[in-house]
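Only the coordinates and a few stated rules stand behind these numbers; no lab work does. Everything quoted here is computed from the prediction, not taken from an experiment. So basically every Cβ, Gly included, is an ideal-geometry build from the backbone, and we count neighbours across all protein chains shown.
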Amino acid sequence: MIAINLYLSAYIGFYLLSTGLDLAVDKLNATHLEKYGNRVPHVFKGIIDTQELAKISRYTLNNIRFTRVRTSTAKIIFLFIILFGIPPWLSRSLAQINFVLAGLIFFAVLGLMSGIVELPFDFYHSFIIEERFGFNTRTYKIWILDLAKSVLLLAVLGGILLTGLLLMIRYTGNIWWIWAWAFFMSFQLLMTVLYPTVIAPMFNKFTPLESPDLKRKIKHLVKTAGFYVEGIYQMDATRRTRHTNAYFSGLGKTKRIVLFDSLITSHSQDEILAIVAHEIGHLKKNHIKKQIMIAGIVSLFLFYLTSKLLISPVMYASFGFQSISLYAGLFLVAAIWEPVSFFLSPFGRAISRRFEREADLYALGALKTAKPLSMALKKMAAKNLANLQPHPLHVLLNYSHPPFIERIEHLERAGSHHPR
């Protein structure tokens, strides 16, 4: 076990504080649901009955308990790794190896340890909780194949990204952080372009939308908004889950609309058009560009901060290192950032929720009525067994979308004043 000094004590205290607050908010969310989640909200009258509401509560409480165990286990094991000096021991063991190769092995070993811890939780969530509530449709074979593909992708893409960062740290001098930031942002943009055409098809089958009538209406909606999309696809989501969703993906000529097959079978055409209009709203309001810009500014600051911390003997000594190890320094910066990000996450979540409201209002304006999107949201909440009564603190910390009740009420109020 490594010696605990003032700086490490402060880190552990901050780490435990963020973890404790996270678990406390989960508990608060469960208590809030048990207290207020036994009455069907007025906006869901006729959509959800008391029996379905009880099922929603059971599903939510199951997930909350599961998340608390998962979080506690991961946090305890991470602290064990830190306090028992595994990172400095691993770094010393790699001291005589090429710098880039040593960095890749260092992160691969720690990543493998994290993955082994996560594996039983992923299995339990898919085949126990999701199965119990009728969502899971994947077989053990599909689960294993998905896992193997994910590990391979992470190894290849993570290896490329990490290799680039390590080379820049080693060979571009004091301004390495600027080059690394530019490389990181370019890599992110490249992944956004490649995801719909290369990565996503490794896991799901994408076929052109079968309904010619729905396709024609979506194309008209997209054309009216002044956009080009590469295609409109339906995804075989039901091979893995009965959850419903739809999304835009890609940039430039790779932009495409993707509808879960489960969404197509459970929603009317007008509701699907409203969901697509909402996604178009994100593009019309430049939300994706704004998110990229925000991510760029934040990551630039983080790379600059990292450049200062990587040469700080105090940071290494506090975590049990006897000397500076630059690739291990990247791990330590990430470890320090984790509890910090917990307290900063509400700002990003708030921006995301604002974007969702703006996209809802765009859909209202495009369709001249709130009814189809309102009904689509109600059905999505019911089909996905969404928590209808989340605690406000839980929303503040964890929700990238406003709660369904809030979205529906806001949309219907705006619709009642919208000219037809």
Mind checking the dipole of the range 356-409: about its Cα centre, +1 per Lys or Arg Cβ, -1 per Asp or Glu Cβ, Debye to the nearest 20? 280
Shape call for the range 343-419 from the C-alpha gyration tensor, a ≥ b ≥ c root eigenvalues: rounded (a/c under 1.5), prolate (a/b greater than b/c) or oblate? oblate
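Can you give the relative contact order of the range 17-124 as a percent, counting alpha carbon pairs under 8 Å and 6+ residues apart?
On the way: 33 pairs, mean separation 25.1, N = 108.
It rounds to 23 percent for the range 17-124.
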Using the Kirkwood radius over C-alpha pairs as Rh, can you work out the diffusion coefficient of the range 2-158 via Stokes-Einstein at 37 °C, viscosity 0.692 mPa s, in µm² per second? 170
Per the Kirkwood formula on distinct C-alpha pairs, the Rh of the range 262-356 is how many angstrom? 16.8
How far, in degrees from 0 to 90, does helix 50-83 lean away from the longest principal axis of the Cα atoms of the chain, to the nearest 10? 10
Could you tell me what fraction of 2.2 N^0.38 Å the Cα radius of gyration of the chain comes to, as a two-decimal ratio? 1.08
Packing-ranked peptide list from 369-380, 386-397, highest mean Cβ count within 10 angstrom first, is 369-380, 386-397
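Work through the residues other than Ile77 whose Cβ is under 12 Å from its Cβ and net out their charges, Lys, Arg +1 and Asp, Glu -1. All intermediate terms of the calculation are to be shown ahead of the outcome.
On the way: positive: Arg70, Lys75; negative: Glu118.
Around Ile77, the surrounding residues sum to +1.
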Given backbone amide H placed at 1.01 Å from N, residues whose amide H is under 5 Å from that of Ser249, ignoring those fewer than 5 places away on the same chain, are Arg256, Val258
Sequence-distant lysines (8 or more away, or on other chains) whose Cα lies within less than 25 Å of Lys371: Lys45, Lys215, Lys217, Lys219, Lys223, Lys284, Lys285, Lys379, Lys383
In degrees, nearest 10, range 0 to 90: what is the angle between the Cα axis of helix 371-383 and the longest Cα principal axis of the chain? 60
May I ask you to list the chymotrypsin sites (Phe, Trp or Tyr not before Pro) in the range 207-248 that are in a DSSP loop and have at most 14 other Cβ atoms within 10 Å of their Cβ? Phe227, Tyr228
In whole angstrom, note down how far apart the Cα centers of the range 223-287 and the range 319-343 are. 39
State the answer as a single residue: which of Trp177, Ala335, Ile47 lies farthest towards the positive end of the charge dipole of the chain, with beta carbon charges of +1 for Lys and Arg and -1 for Asp and Glu, about the Cα centre. Ile47
Treating the angle as unsigned and between 0 and 90°, give the value, to the nearest 10°, between the Cα long axis of helix 326-367 and the longest Cα principal axis of the chain. 10
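Students often check this: by mean Cβ neighbours within 10 Å, which of 256-264, 71-79 ranks highest, and how do the rest follow?
Values: 256-264: 21.7, 71-79: 14.9.
Result, highest mean first: 256-264, 71-79.
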How high is the relative contact order of the chain, in percent, with contacts defined as C-alpha pairs under 8 Å that are six or more residues apart? 21
